[in-house]
Amino acid sequence: MTGLKSAFVEAAGLKLHYLEAGEGEPVLLLHGWPTSSFLWRNVMPAIAEHRRVIALDLPGFGRSDKPLDASYSFRFFNRAIDGFLDALGIERLGLAVHDLGGPVGLHWASQQPAGRVERLALLNTLVYPRPSWAVIAFVTACWTPGLRALLTSEWGLKTSMRIGVSDPARLAPDTLEGTCAPFADSASRKALLRAGRGLSPKGTVELSKWLATATMPVRVVYGAKDRILPDIERTVARVQKDLPHAEVTRIAACGHFLQEDRPEEVAEALAAFFR
């Protein structure tokens, strides 16, 4: 991760880790499940050529705190993001979200004054209230004894990453190790499960209503061969209907973790958008 600064801040009663590069107007990158800021490492340098780019480890993930008594609700994540941005002195920003970071980041954005989020990028994420069978199966697994332990085991995490790319050969050993490293003990794996099942459907309804009214520039970059969110094409079509001004980049031979599958194309698209 050459050129990326790794740092911690105290915010909302939590120790939060982030990666940072570049100077200028800030762009915040939010990851999903079970990843962390590590997912953005190959995308950040291109954005950093023109902007200050920050990838946060959401609480429960990466090197940030993983409290076992937290709800991992929309309100919990909103407080963490508010505290994090306050600690860094950030007001207006660009925002890019992926996977679980989508509903988390969009719900946070929906609570902000108009203009605070000046540009928005969506990457293979959840936007609307009616989840696919795959999301329902995932949340069910997070609650089911036996399945939940398997899901967060080293084998389960590596399998998730392999399923999430079009070509598993692209996942080098250090990529898989970097994904698994934050969840080496039972407490961190329990927190990961709580984070996977904590968001309420009501919050998703709120954020989808807000998104349909969004007027800032919107860029959608997505991998079409998504086996984790198999309804991604339908989601993107609805985003285009709700937001006719959104610019869409479809990467055909690419899976869910497009930052690992096609990092150069994703970096180029996001750098151009946030420039």
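The values are calculated or read from the model by the stated rules, or taken from the named source; none is laboratory data. Just so you know, these numbers come straight off a predicted model, no measurement behind them. Methodologically, a virtual Cβ is constructed for each residue, glycine included, from the backbone with ideal geometry; neighbour enumeration extends over all protein chains shown.
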Next on the checklist: Could you go through the range 100-108 and let me know if any residue there is surrounded by 18 or more Cβ atoms within 10 Å (Cβ to Cβ), aliphatic (A, V, I, L, M), out of contact with any helix residue (DSSP H, G or I) (no Cβ under 6 Å at 6 or more places or on another chain) and not in a helix (DSSP H, G or I).
Outcome noted: yes
Item to check | One residue from Ser160, Ser153, Ser132 being closer than 22 Å to Ala224 by Cα, surrounded by 14 or more Cβ atoms within 10 Å (Cβ to Cβ) and more than 16 Å from the chain's Cα centre (by Cα) | outcome: Ser132
Next on the checklist: Any residue at all in the range 86-93 that's within 30 Å of Glu264 (Cα to Cα), out of contact with any Cys (no Cβ under 8 Å at 6 or more places or on another chain) and in a strand (DSSP E or B)?
Outcome noted: yes
Next on the checklist: Can you confirm whether Val139 is touching a residue at least 12 places away in the same chain (Cβ under 8 Å), surrounded by fewer than 23 Cβ atoms within 10 Å (Cβ to Cβ) and among the hydrophobic types (A, V, I, L, M, F, W, C)?
Outcome noted: yes
Checklist entry - assigned to a strand (DSSP E or B), within 20 Å of Asp86 (Cβ to Cβ) and in contact with a Gly (Cβ under 9 Å, 6 or more places away or on another chain) - does that describe any residue in the range 20-27? => result yes
Item to check | Boolean, Thr235 is among the β-branched types (Val, Ile, Thr) and touching an Asp or Glu at 6+ places or on another chain (Cβ under 8 Å) | outcome: no
Checklist entry - Taking the range 223-257 only, how many residues are closer than 21 Å to Ile136 by Cα and hydroxyl-bearing (Ser, Thr, Tyr)? => result 1
Checklist entry - If we scan the range 57-64, do we find a residue that is among the aromatic types (Phe, Trp, Tyr), buried (at least 18 other Cβ atoms within 10 Å of the Cβ) and without any contact (Cβ under 8 Å) to a residue 40 or more places away in the chain? => result no
Checklist entry - Which residue out of Gly32, Gly89 is within 18 Å of Leu120 (Cβ to Cβ) and of a type outside the set (S, T, N, Q)? => result Gly32
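Inspect all residues belonging to the range 202-215 and state whether any of them is in a helix (DSSP H, G or I) and under 22 Å from Asp57 (Cβ atoms). Spell out the reasoning first.
Going residue by residue through the range 202-215, those that are in a helix (DSSP H, G or I) are 202-211.
Applying the additional criterion that residues be under 22 Å from Asp57 (Cβ atoms) yields 203, 207.
Yes, because at least one residue in the range 202-215 is in a helix (DSSP H, G or I) and under 22 Å from Asp57 (Cβ atoms).
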Checklist entry - So which of Arg51, Arg92 ends up being in contact (Cβ under 8 Å) with a residue 40 or more places away in the chain, of a type in the set (Lys, Arg), surrounded by fewer than 21 Cβ atoms within 10 Å (Cβ to Cβ) and within 27 Å of Thr213 (Cβ to Cβ)? => result Arg92
Checklist entry - within 22 Å of Glu25 (Cβ to Cβ), within 16 Å of the chain's Cα centre (by Cα) and either at pLDDT below 95 or small (Gly, Ala, Ser) (or both): does that describe Gly89? => result no
Item to check | Qualifying residues in the range 260-275 (those that are under 21 Å from Arg51 (Cα atoms) and touching a Lys or Arg at 6+ places or on another chain (Cβ under 8 Å)) - the one surrounded by the most Cβ atoms within 10 Å (Cβ to Cβ) | outcome: Leu270
Item to check | Subset of the range 220-253 (residues that are over 21 Å from Gly164 (Cβ atoms) and either modelled with pLDDT under 95 or outside any loop (DSSP other than H, G, I, E, B) (or both)) | outcome: Ala237, Arg238, Gln240, Lys241, Asp242, Glu247
Item to check | Qualifying residue in the range 80-87 (condition: more than 16 Å from His107 (Cβ to Cβ) and either crowded, with 16+ Cβ neighbours inside 10 Å or touching a helix residue (DSSP H, G or I) at 6+ places or on another chain (Cβ under 9 Å) (or both)) | outcome: no
Checklist entry - Of the residues Ser166, Ser71, which single one is within 19 Å of Val220 (Cβ to Cβ), of a type in the set (Ser, Thr, Tyr), in a loop (DSSP other than H, G, I, E, B) and out of contact with any Pro (no Cβ under 7 Å at 6 or more places or on another chain)? => result Ser166
